[in-house]
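S.K.: The structure is given below, and queries will be raised subsequently.
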Amino acid sequence: MSIRSLYWFTNDLRISDNPLLAQAAQNSHQLTCCYLIPSLTPLDQRFQVVASNGLAKQRFLLESLADLDAKLQTLGQSLQIATGEAVSQLCQFIELTEANHLYVSESVDFAIHQTLREVRLRYPQLTVVSLNTHRLFEQAELPFSLAALPDSFSVFRKQVESLDGRYSSQSARWNSDITALPPSVLPSSSSWLSTAIRSINLELRSSPLWRGGESTALEHLEDYFSSDSPLIYKQTRNALDEWESSTKFSSWLANGCLSIGRLLARLNDYETQRGANESTYWIYFELLWREYFQWYALKYGAQLFQFSGIKGQVPLTSYYPQRMRSWINGTTPYPIVNAAMKQLKVTGYLSNRSRQLVASCLVHELSIDWRYGAQYFQSQLIDYDVASNWGNWQYLAGVGADPRGHRRFDLAKQTALYDPELSFIRHWQGEADQHSIDVVDMVDWPVSPAQ
Ligand SMILES: Cc1cc2nc3c(=O)[nH]c(=O)nc-3n(C[C@H](O)[C@H](O)[C@H](O)COP(=O)(O)OP(=O)(O)OC[C@H]3O[C@@H](n4cnc5c(N)ncnc54)[C@H](O)[C@@H]3O)c2cc1C
């Protein structure tokens, strides 16, 4: 039988260390590679308060796609990019190419699961092939069943850290480089990418600190591990705004431009050459947080998006459009939050500390339903990852994996600790248009009947 395959790229935008693509290359006679720009799901529509995704996020994705397309072209292939509703786009590709196999990376994304369910119903003869390209561990390697995943990160970490050969054995199996790909029946159609990136650059009027794509991910991997930064990571990672203070791998990991296996293999080499210390261990520690949230999302499915989270406790928050607007625009009474929100809008990135502060502010100071904040992050973050984003928001909102159940940051204390000279606030103009939490309009004042 002729194997005609459709490879649906999702969060695996790379050629190297991509075991699923290697398998598709080996087993197919004909191959079509596609990417579907995610459209808004009903959940997105319910909570999204801005018209479209942030420009920095759009640029990072387009750069990643352009790089992937260029790499595919060197292998005699190209990337088909489609916008619109995922099920109908996939069906169109299946019909056009008469595909009898669909390759797609294993995902914890609820929207992808729903799309696949629908496609399977429409094409019962279609063989769907999936492999893990995003997580560190396979389910069979975990010392517990998915249902018994610990509800606290510390318990999870202690259990998975006891697994043998954590870096080297994990990284060996990712080494599956591809030298050739079967031909496609569709002509290349992605020449618009460079024009789209140029027009975003013009609109943003700032050159990016990050460029999307596997090529820049691999360059950054080498740069980072050629420096001394990993040796002092634990002391610097909470800084608000310095490039070297944390690893900055998240955006490439989230989009799959870099594999977790290759990253850990490089960390392992670094420890061998430069010596392991508490800081180099701490990079692994943080990557285990990422791993934890992947399993958490898989375990809880739609509960990841539920107001009461996994705890079943409904928070005492609601939705206030004016407060939400001032949070997004950086015009709250809290300069450190304002600075961070302005940085997010321009760059599509925030340090972990800033994310914690702005999330705490949204939930505890502005009393807004955490899902509006999570959705806004989804629309802006260049490193948006469904599991890490919604899992961290649940944690901060007190409805997730936090055994303490409640985390409210004292914003004045945090400012004194992390921005004592106010340089972060000044740089991002956090003081510029401060307002009180609720602005009362003239028309809201009581009007006496005599008037
Ligand atoms: C409210 C909120 C939302 C977040 N949303 C996302 C998201 O959508 N995507 C995302 O990748 N991270 C998210 N994070 C986690 C974290 O803030 C970022 O991963 C980190 O700031 C990225 O910068 P870095 O690569 O320099 O991280 P580093 O500090 O250098 O950490 C190394 C890597 O470990 C992982 N990591 C670190 N901390 C966490 C964490 N708390 N949860 C999960 N993974 C972690 C990331 O892959 C990161 O690249 C969120 C955190 C909060 C509080």
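The values are calculated or read from the model by the stated rules, or taken from the named source; none is laboratory data. Since the structure is predicted, the reported quantities are computational estimates derived from the model, not experimental observations. Note that we place each Cβ from the backbone using ideal geometry, even for glycine, and neighbour counts take in every protein chain shown. Remember, those area values only see protein heavy atoms, side chains included, never the ligands or the DNA or RNA. Shrake-Rupley method; radii C 1.70, N 1.55, O 1.52, S 1.80 Å.
S.K.: By how many degrees, 0 to 90 and rounded to 10, does the Cα axis of helix 278-300 deviate from the longest principal axis of the chain?
M.R.: For 278-300 against the chain, the angle is about 80 degrees.
S.K.: On to the next question. Leaving ligands, DNA and RNA out of it, work out the accessible area of TRP8 with a 1.4 Å probe and give it in Å² to the nearest 10.
M.R.: For TRP8, solvent-accessible area is about 10 Å².
S.K.: Also, quick follow-up: At 222 nm, what value in deg cm²/dmol follows for the chain if DSSP H runs of at least 4 each add -39500 (n - 2.57) and the sum is divided by all its residues, to the nearest 500? Write down the numbers at each step before the final one.
M.R.: Numbers: 20 runs with 213 residues, N = 451.
So the calculated ellipticity at 222 nm is -14000 deg cm²/dmol.
S.K.: Roughly what angle does helix 386-397 make with the longest principal axis of the chain, taking Cα atoms, 0 to 90 degrees, to the nearest 10?
M.R.: Rounded to the nearest ten degrees, it is 20.
S.K.: Whats the longest run of the chain with zero GluC sites (Glu not before Pro) that are DSSP loop and have at most 16 other Cβ atoms within 10 Å?
M.R.: 243-420
S.K.: I would also like to ask the following. So how strong a dipole does the chain carry about its Cα centre when Lys and Arg Cβ are +1 and Asp and Glu Cβ are -1, to the nearest 20 debye? If you can, show how the numbers build up before the last one.
M.R.: Details: 38 positive and 45 negative charges, 103 e Å.
Dipole magnitude for the chain comes out near 500 debye.
S.K.: Round to the nearest 10 and give me the degree value, 0 to 90, for the angle of helix 55-74's Cα axis relative to the longest principal axis of the chain.
M.R.: 10
S.K.: Given a 1.4 Å probe, how much area per residue of the stretch 178-272 is accessible, in Å²?
M.R.: About 47 Å² of surface per residue is accessible.
S.K.: Give, in nm to one decimal, the length gained when the segment between ARG120 and PHE285 is fully stretched (0.36 nm per residue of separation minus the Cα-Cα distance).
M.R.: Values: separation 165, 0.36 × 165 = 59.40 nm, distance 3.81 nm.
Using 0.36 nm per residue and subtracting the Cα-Cα distance, I get 55.6 nm.
S.K.: Among the aspartates and glutamates, which fall within straight-line cross-link reach of LYS299, defined as a Cα-Cα distance under 12 Å, with same-chain neighbours fewer than 8 residues apart omitted?
M.R.: By straight Cα distance, LYS299 reaches ASP109, ASP151.
S.K.: From the Cα gyration tensor of the stretch 174-248, with a ≥ b ≥ c the square roots of its eigenvalues, which class applies: rounded if a/c is under 1.5, or else prolate if a/b is larger than b/c, or else oblate?
M.R.: Numbers: a/c = 4.22, a/b = 1.46, b/c = 2.89.
Oblate, since a/c reaches 1.5 and b/c is not below a/b.
S.K.: Sticking with this structure for a sec: Let me check the size of the chain from its C-alpha atoms; what are the radius of gyration and Dmax in Å?
M.R.: My reading of the Cα-based Rg and Dmax gives 22.9, 87 Å.
S.K.: List the aspartates and glutamates whose Cα lies under 16 Å from the Cα of LYS234, skipping any in the same chain that are fewer than 8 positions away.
M.R.: GLU242, GLU244, GLU271, GLU278, GLU286
S.K.: Given H placed on each backbone N at 1.01 Å, which residues far from CYS33 in sequence or on other chains put an amide H within less than 5 Å of it?
M.R.: So CYS33 has HN proximity to TYR7, SER78, GLN80.
S.K.: Let me ask something else about it. Could you tell me how far the Cα centroid of the stretch 286-350 sits from the Cα centroid of the stretch 73-148, in Å?
M.R.: Computed from Cα coordinates, the inter-centre distance equals 27 Å.
S.K.: At 1.4 Å probe size, with the rest of the protein present, what percent of the exposed accessible area of the chain is carbon and sulfur atoms? Before the final figure, lay out the partial values.
M.R.: On the way: 10380 of 19830 Å².
After summing per-atom areas, the C and S share lands at 52 percent.
S.K.: Is the stretch 1-154 rounded, prolate or oblate when judged by the Cα gyration tensor, a ≥ b ≥ c being the square roots of its eigenvalues, rounded requiring a/c under 1.5 and prolate requiring a/b larger than b/c?
M.R.: On the way: a/c = 1.37, a/b = 1.12, b/c = 1.23.
Rounded, since a/c falls under 1.5.
S.K.: Give the lysines whose C-alpha is closer than 19 Å to that of LYS345, dropping any in the same chain fewer than 8 places away, or say none.
M.R.: Of all the lysines, those that pass the test against LYS345 - Cα under 19 Å, at least 8 places apart if same chain - are LYS57, LYS248.
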